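The values are calculated or read from the model by the stated rules, or taken from the named source; none is laboratory data. All of these numbers come straight from a predicted model, not from anything done at the bench. Every residue, glycine among them, receives a Cβ derived from its backbone with ideal geometry; neighbour counts consider all protein chains shown. Remember, those area values only see protein heavy atoms, side chains included, never the ligands or the DNA or RNA. Shrake-Rupley method; radii C 1.70, N 1.55, O 1.52, S 1.80 Å.
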Amino acid sequence: MAALFEPLQLRSVTLPNRIVLSPMCQYSATDGVPNNWHRIHLGRYATAGLGLIIAEATHVSARARITPGCLGLYNAVQEAALAEIAADIKQFGPTPFGIQLAHAGRKASSDLPWRGGQSLQGPLAWQAEAPSALPQGEGWHMPQALDEEGLARVRYEFVEAARRADRAGVDLIELHGAHGYLLHEFVSPISNRRNDGYGGTLDNRMRFPLEVFEAVRAVWPAHKPLGIRITGSDWMPGEGLEIADAVRYAAALKERGADFVDVSSGGVSLQQKIATGPGYQVHFAEAVKQATGLVTMAVGMITEAEQAEAIVAEGKADLVAMARGLLNDPYWAWHAADRLGGHVHVTPQYLRGRMRGVDTPREVVLKAAR
């Protein structure tokens, strides 16, 4: 069997293959509550034969949201709505359902991307918070630096969101520690200029994200996997984080019980200079995997079946997370199975239209074909 279609065990959770729906913000919630759009968006992947579905960045408080349209998991209404989506997804296939818990930090209180994505002004705006009182860039609002009380509150918000996720039937959590959001802001010297125990050296800058991770791991059920998305580079040579920092960070996370790391990059500075191209971030995941032995997820312009297969087969990463590829083709895994000789789960309702790469008993397939 193709390496891409081999199962992967993370604690008690079995991923039927290595293809992951990457978290993709939809900016379509009302007061943080998922709605019919999210049910349609995520539901279409329940029968797509994926190894793992991770819902978009789901924020741990109202002030933690990127935009007014972002998902939240800080009240009972949001929890109940998420539970319905989780139940829908699990009803129709073996694909585990995960979420990405997030805090936007200084990038919070922004407008929807299709309305420009700039800082909100007027009554719709709220106070952003960050490691240091440094704006994201020119024209952006000034965040408030978190004090000790604020740090304790944010830790508690992550913990409460994790508890809600467990009650809602979520199988896996990925903390968002990349893309210039709060946990990444603490680690990066570009956004963290603190002079206390949470700033200065890399060990100090990692301290708060590691505290958040430990706090979530302590309440997240022991049989459920917990991972984090980290950055492989700030794309600011001489100023920001580089892959060596990611390796040290990942090693510290492994010591604290991390089950996987999802290695992305960029987002902390508007002056970044990213050299994009197919699989342009895969080498970050590969370096982390080789140095730490952690299960790693590669992400970023992975769109072709042979490309994804090579990443896994050559040991560069254990999982491939896809966004554009699965938006363009929700049944990408079916087509990749055809090309690579893999097998995917297909619901009985779709068997008549699907005869190759079907992970069902042969007699069921033959009966459906008659």
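Using the Kirkwood radius over Cα pairs, work out the Stokes-Einstein diffusion coefficient for segment 27-78 at 20 °C and 1.002 mPa s, in µm²/s as a whole number.
So the translational diffusion coefficient is about 184 µm²/s.
Can you pull the one-decimal nm distance between simple spin-label points at Gln118 and Ala251, each 7 Å off the Cα toward Cβ?
For Gln118 paired with Ala251, the spin-label model returns 4.5 nm.
Taking amide H positions as placed 1.01 Å from N in the peptide plane, with prolines and chain starts having none, which residues 5 or more places from Ala128, or on another chain, fall under 5 Å of its amide H?
Those lying under 5 Å, H to H, from Ala128 are Gln144.
Give the distance, in whole Å, between the Cα centre of segment 297-352 and the Cα centre of segment 109-131.
Using only Cα atoms to place each centre, the spacing works out to 35 Å.
Considering only protein heavy atoms, with the full assembly of protein chains and a 1.4 angstrom probe, order His179, His103, His283 by accessible area, largest first.
So the residues, ranked largest to smallest area, are His283, His179, His103.
With the other protein chains left in place, how much accessible area per residue, in square angstrom, belongs to segment 133-207 at a 1.4 angstrom probe?
On the way: 2980 Å² over 75 residues.
Dividing the accessible area of segment 133-207 by its residue count gives 40 Å².
What translational diffusion coefficient, to the nearest whole µm²/s, does the chain have by Stokes-Einstein, given a Kirkwood radius computed over alpha-carbon pairs, a temperature of 10 °C and 1.306 mPa s viscosity?
76 µm²/s
Report, to the nearest whole %, how much of the accessible area of the chain belongs to carbon and sulfur atoms, 1.4 Å probe, protein only. Don't skip to the end; give the middle numbers.
Working: 7650 of 14660 Å².
Solvent-exposed carbon and sulfur of the chain make up 52 percent of the total.
Taking amide hydrogens as modeled 1.01 Å from N in the peptide plane, which residues meet the under 5 Å criterion relative to Glu56, leaving out close sequence neighbours?
When sequence neighbours closer than 5 places are left aside, the close amide H contacts are Met24.
By the scheme Lys and Arg +1, Asp and Glu -1, what is the net charge of all other residues having a beta-carbon under 13 Å from that of Ser269?
Net charge in that neighbourhood comes out at -1.
Mind checking the per residue accessible area of segment 6-72 for me, 1.4 Å probe, whole number of Å²? Each step should come with its number before you reach the end.
Values: 2010 Å² over 67 residues.
About 30 Å² of surface per residue is accessible.
Each residue of segment 119-125 in turn: what ³J(HN,Hα) in whole Hz from Karplus with 6.51, -1.76, 1.60 and θ = phi - 60°, glycine and Pro shown as x?
4, 5, 10, x, x, 7, 7
Summing Lys, Arg as +1 and Asp, Glu as -1, what charge do residues with Cβ under 15 Å from the Cβ of Trp37 carry, Trp37 excluded?
Details: positive: Arg39, Arg44; negative: Asp31, Glu56, Glu84, Asp88.
Overall, the nearby charge balance is -2.
At q = 0.15, 0.20 Å⁻¹, what is the base-10 log of I(q)/I(0) for segment 62-170 according to the Debye formula with one equal point scatterer per Cα and no solvent? Please give it to two decimals.
So the normalised log intensities are -0.73, -1.05.
Could you give each residue of segment 243-258 its phi-based ³J(HN,Hα) in whole Hz, using Karplus coefficients 6.51, -1.76, 1.60 with θ = phi - 60°, and x for Gly or Pro?
Result, ordered by residue: 4, 4, 5, 5, 5, 5, 5, 4, 4, 5, 5, 4, 4, 9, x, 5 Hz.
Enumerate the calculated ³J(HN,Hα) couplings along segment 145-162 in order (Karplus 6.51 cos²θ - 1.76 cosθ + 1.60, θ = phi - 60°), each rounded to whole Hz, writing x wherever the residue is Gly or Pro.
Computed from phi, the couplings for segment 145-162 are 5, 6, 8, 4, 5, x, 4, 5, 5, 5, 4, 5, 5, 5, 4, 5, 5, 5 Hz.
Report the net charge of residues surrounding His103, where surrounding means a beta-carbon distance below 12 angstrom and charges are Lys +1, Arg +1, Asp -1, Glu -1.
Spelling it out: positives minus negatives among the neighbours equals +3.
Can you give the helix-only mean residue ellipticity at 222 nm for the chain, where every DSSP H stretch with n ≥ 4 adds -39500 (n - 2.57) and the sum goes over all residues, rounded to the nearest 500 deg cm²/dmol?
Helices in the chain give a 222 nm mean residue ellipticity of -10000 deg cm²/dmol.
If ligands, DNA and RNA are left out, what is the accessible area of Tyr74 with a 1.4 Å probe, given in Å² to the nearest 10?
Around 60 Å² of this residue is reachable by solvent.
Mind giving me the nanometre distance, one decimal, between the label points for Ala313 and Asp196, set 7 Å out from Cα along Cα→Cβ?
Distance between the two pseudo-spin positions: 5.2 nm.
Could you tell me the relative contact order of segment 168-324? Use alpha-carbon pairs under 8 Å, at least six residues apart, and round to a whole percent.
Relative CO of segment 168-324 lands at 21 percent.
Under a 5 Å amide H to amide H cut-off, with H placed in plane at 1.01 Å, what residues pair with Ser110 once short-range neighbours are removed?
Thr67, Leu120
With a 1.4 Å probe and every protein chain left in place, work out the accessible area per residue of segment 300-356 in Å², rounded to a whole number. Write down the numbers at each step before the final one.
On the way: 2730 Å² over 57 residues.
Per-residue value: 48 Å².
For segment 194-299, what does the equivalent ellipsoid look like in terms of its semi-axes, each the square root of 5 times an eigenvalue of the Cα gyration tensor, given largest first in whole Å?
23, 19, 11
Can you give the % of DSSP beta bridges in the chain that are antiparallel, to the nearest 5?
On the way: 5 of 41 bridges.
DSSP beta bridges in the chain are roughly 10 percent antiparallel.
In debye, nearest 20: dipole of the chain around its Cα centre with unit charges on the Cβ of K, R (+) and D, E (-)? Write out the running numbers ahead of the final one.
On the way: 36 positive and 39 negative charges, 176 e Å.
Result for the chain is approximately 840 debye, rounded to the nearest 20.
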